[in-house]
Amino acid sequence: MTNIFESLKDFLKPLVGNNNKKPLHTGEVTNHWLLLTLLEEGVSLYEIGMNTTNNKELLDALGDGLALSKKTSNNLSAFLKEEGIPLPATSPEKPKSDSHSIPLGVKYSDDELANLISAKIAAQTTLIGQSLAMSIRNDSAQLMIGVLIELLKYSTSFKTLMESHGWLKIPPYYYPPGTPN
């Protein structure tokens, strides 16, 4: 049975002084590229949300998500550029607008917006898990672990916000036969 120190040594060894690293394999490239696309398109979603809502708490959460998405996108873009991988084309930055000038039938409600963000977070988390399962290179896995940690910190506070406003969609509870409801 391996101990924690051997595992840590094996994880860090390729990161220190190894100039002969192997190229990323196609699975790693695909997952990183898709994650970058999700992150950068997420920036547009956060910008749209900030133009749509007047809820102060949601605006703050969207601002935090926007900052996190931009920071993570920049880190992932730098990694992909260093590996010689072309970056995805993404949507341009959204201009600021007045939420009161958007017709009600067009703009997202706070509930809809929060659930779109929640679905985006779920998709990113799933993709990161898949990427970690496929990662051969430790630097690739380390990058994904860092992204996952930041995303989980953000999603925890976002879920709390959704619960406090009644926006969280919960499937029906399951009660096994014979248990009191």
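Values quoted throughout were computed directly from the atomic coordinates according to the rules given, and no laboratory measurement underlies them. Values in this document were obtained by computation on a predicted structure and should not be read as measured data. Heads up, the Cβs are rebuilt from the backbone with ideal geometry, glycines too, and the neighbour counts pull from every protein chain shown.
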Label-point gap, in nm, between GLN142 and VAL106 - each point 7 angstrom along Cα→Cβ: 4.8 nm
Quick one: compute the contact order of segment 85-181, relative version, from alpha carbon pairs under 8 angstrom and 6+ residues apart, as a percent. 28 percent
Do you know the relative contact order of the chain, to the nearest whole percent, from alpha carbon pairs under 8 angstrom that are 6+ apart? 30 percent
Based on the Kirkwood radius over alpha-carbon pairs, what is the Stokes-Einstein translational diffusion coefficient of segment 101-148 at 10 °C with 1.306 mPa s viscosity, in µm²/s? 124 µm²/s
Considering the convex hull of the alpha carbon atoms of the chain, report its projected area averaged over all viewing directions, in nm², one decimal. 15.8 nm²
Using a basic spin-label model with each label point 7 Å from the Cα along Cα→Cβ, how many nm lie between ALA122 and ASN75? 2.5 nm
If N is the number of residues in segment 53-95, what value comes out of its Cα radius of gyration divided by 2.2 N^0.38 Å? 1.51
DSSP H helices in the chain with Cα extent of 27 Å or more along the helix axis and mean Kyte-Doolittle hydropathy at least 0.0? 26-52, 110-134, 138-165
If you take the beta carbon distance between SER97 and SER164 as r and set R0 to 30 Å, what does 1/(1 + (r/R0)^6) give as a FRET efficiency, to the nearest 0.05? 0.65
Segment 93-181 - Kirkwood radius from inverse mean 1/r over Cα pairs (Å): 16.4 Å
Any of LYS21/LYS120; LYS107/LYS169; LYS56/LYS96; LYS56/LYS153; LYS71/LYS107; LYS56/LYS107 with alpha carbons more than 24 Å apart? Name them for me. LYS21/LYS120; LYS71/LYS107
Under the rule of -39500 (n - 2.57) per DSSP H run of 4 or more residues, summed and divided by the residues of the chain, what mean residue ellipticity at 222 nm is obtained, to the nearest 500 deg cm²/dmol? -22500 deg cm²/dmol
Could you bin all the Cα-Cα distances of segment 45-140 into 5 Å bins starting at 0 and give me the percent of pairs in each, rounded to whole numbers? 2, 11, 16, 22, 17, 12, 9, 6, 3, 1, 0
